[in-house]
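The values are calculated or read from the model by the stated rules, or taken from the named source; none is laboratory data. Fair warning: this is a prediction, and the values are worked out from it, not measured in the lab. Here the Cβ is made from the backbone with ideal geometry for all residues, glycine too, and neighbour counts use every protein chain on show. Accessible surface areas use protein heavy atoms only, side chains included; no ligands, DNA or RNA. Shrake-Rupley method; radii C 1.70, N 1.55, O 1.52, S 1.80 Å.
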Amino acid sequence: MPVSGDLFIGSQRVKKSETFFVSSPATGEKLQPGFSVAGPEEIERACNLAWTAFHTYRELDPESRARFLETAADQIMALGDELLERAHAETALPIARLTGERARTVGQLRLFATELRNGGWMGIRIDPAMPDRKPLPRPDLRLRKIPLGPVVVFGASNFPLAFSVAGGDTAAALAAGCPVIVKGHSAHPGTSDLVAQAMTEAVKICKLPEGVFSLLNGNSRALGAGLVAHPHVKAVGFTGSRAGGLALVKIANERPEPIPVYAEMSSINPVVLLPGALAARAEEIGKGFVASLTMGVGQFCTNPGLVLALEGPDLEKFIASASAALGQVAPATMLTPGIHSAYEQGVEKLANHSRVKLLARGAEGTGMHCGRGALFSIAAEDVLKHPEVTEEVFGASSLIVRCANEKELLDTLEHLEGQLTATLHLTDADLPLASRLLPTLERKAGRVLANGWPTGVEVTHAMVHGGPFPATSDSRSTSVGTLAIERFLRPVCYQDFPDALLPAPLRQDATKGPHRYDGAYRTE
Ligand code: NAP
């Protein structure tokens, strides 16, 4: 299936005279074709179609929505190797990584299909009437969750499949009953184009209203801004830079009707190496750390960008092991020239900082836009005086914080911004100190790990990929896992409704699946 270069507005393909091109970050070769640039007219059409589709799509039974998600997964797989090759050309990510990411993408769609069939996502609660209650009778109260309306999803540069056109936010919104308009990332429009072809085919096969899915490409800020400001749009999912996320939050808040923006932005994912763990396995931890730091050229939002430990010979062993391992890692091409230059600037800023010491660099290389790993250290007391050293450097750069004592360790953690993850390396001997740190880590992060590495995010029911600002703009939610459906739902309570007027799942004796009845949990 060739890359079309079109805009996908429902079932219509639109070509514009204004186009943009992308180049391979690895070779600089200009890739064909040119991509139509969406303007205000296309924003209007896509949003109107999504709004029209919403009224039908939201009423669709969960089984039909589940079949749609499964059909979308099948259609993505049917794109075959062409999808992987195009994504590789546009992002320089290895084919093996992209193969895994495609599996994750279709796995997410299928997981949400299973979730829809479970029924628990509707959050049904029934408080039956108590006509004899004194002093006042209690009315019959029935709650279910309904979809918010059309959702705009911003594809992320670092996950061209799993956080892009048919990625986590799209799967969650479609599962919830919300039509989706994707603002494709300008770095991988061909990948987006192919996935959009699969999505529109799935809409057609399932005979859904065409506005359930649209993809608009473009390379100007006006496109994203126009979509977020459109009155038919009721929520936004975003993964990218802090500046981009905050700009969209501002637009959303300044609308006559403000809407939620779930923006995942910046996180340095602190890793705390406790004394027992360092004494037992400093070298092994050093190697594991570098593998996590350099995975995907460090272009993961969960990249371990900060390591904290108490000073001593065991920390030096860890540093020696990590430095040696980093020196063996060849640099690789980063996602875009812009991301590469931002990385270089971040590394240079740290290298030139008066309180920061450069410990090691990755191996040298000659490829285009290659990100070379970097490892730095700083004393904890200096982090407290120079908090700018903890700003995210997107790529394989990490800062080791040497703490003189437990108080410095705790103070440094306390001064960190919100994070997607926080990790402890520990042994049984470290449990007392770990429990003293845990309340701070819980307040700071969406996911707390023991003896692991934050990269590699499982797509499951208990996963939280979120966290306090600036990790995200709304810490009450996750962008990975089935809990993400909650982002695009809101509760409605029906009081004293005649049975015939109630939504089907709330009718007398019709409720199936997990729900709460008079406060008690029921599974049937
Ligand atoms: P980005 O610049 O924030 O762009 C993400 C998406 O938002 C793109 O579609 C972009 O449009 C759009 N956008 C950005 N600013 C906007 C604005 N002011 N108004 C309207 N739309 C806007 O992120 P990126 O290109 O993926 O990478 C740049 C930096 O983001 C990286 O160096 C890194 O620091 C950070 N990043 C973080 C994560 C994470 O998970 N935390 C992931 C990826 C990147 P265009 O396509 O037209 O540019």
Mind counting the residues in the stretch 185-203 that are within 14 Å of the ligand (Cβ to nearest atom) and touching a helix residue (DSSP H, G or I) at 6+ places or on another chain (Cβ under 6 Å)? 3
Need the failing condition index for C206 against (1) open to solvent by 10 Å² or more (accessible area, probe 1.4 Å); (2) within 13 Å of the ligand (Cβ to nearest atom), just the number. (2)
Checking A277 against (1) among the small types (G, A, S); (2) more than 8 Å from the ligand (Cβ to nearest atom); (3) open to solvent by 10 Å² or more (accessible area, probe 1.4 Å), the condition it does not meet: (3)
Would you check which residues across the stretch 227-251 are over 27 Å from G346 (Cβ atoms) and within 9 Å of the ligand (Cβ to nearest atom) and list them? L227, V228
The residue from V165, V182, V212 that alone is among the β-branched types (V, I, T) and more than 15 Å from the ligand (Cβ to nearest atom) is V212
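Within the group T472, T482, T455, T478, which residue is among the hydroxyl-bearing types (S, T, Y) and open to solvent by 10 Å² or more (accessible area, probe 1.4 Å)? Steps first, please.
Working: T472 fails: open to solvent by 10 Å² or more (accessible area, probe 1.4 Å); T482 fails: open to solvent by 10 Å² or more (accessible area, probe 1.4 Å); T478 fails: open to solvent by 10 Å² or more (accessible area, probe 1.4 Å).
Sole residue among the options that is among the hydroxyl-bearing types (S, T, Y) and open to solvent by 10 Å² or more (accessible area, probe 1.4 Å): T455.
Of the residues D518, D509, which is outside the structural domain of T421 (by TED's automatic domain parsing) and at pLDDT 95 or above? Steps first, please.
On the way: D509 fails: at pLDDT 95 or above.
Selected residue: D518, the only one of D518, D509 that is outside the structural domain of T421 (by TED's automatic domain parsing) and at pLDDT 95 or above.
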Which pairs have Cβ atoms under 9 Å, sit 6 or more apart or on different chains, and link a residue in the stretch 413-442 that is without any contact (Cβ under 8 Å) to a residue 24 or more places away in the chain to one that is open to solvent by 10 Å² or more (accessible area, probe 1.4 Å) and part of a helix (DSSP H, G or I)? L431/G276
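Pick from A103, A113, A89: which is without any contact (Cβ under 8 Å) to a residue 24 or more places away in the chain, in a helix (DSSP H, G or I) and either buried (at least 22 other Cβ atoms within 10 Å of the Cβ) or among the aliphatic types (A, V, I, L, M) (or both)?
A103
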Quickly run through the stretch 328-343 and pick out the residues that are polar (S, T, N, Q) and either open to solvent by less than 50 Å² (accessible area, probe 1.4 Å) or under 23 Å from E391 (Cβ atoms) (or both). T333, T336, S341
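For every residue, the table says whether it meets (1) surrounded by fewer than 15 Cβ atoms within 10 Å (Cβ to Cβ); (2) of a type in the set (K, R); (3) in a loop (DSSP other than H, G, I, E, B); (4) within 24 Å of the chain's Cα centre (by Cα).
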site	(1), (2), (3), (4)
L326	no, no, no, no
Q345	yes, no, no, no
E364	yes, no, yes, no
L384	yes, no, no, no
K407	yes, yes, no, no
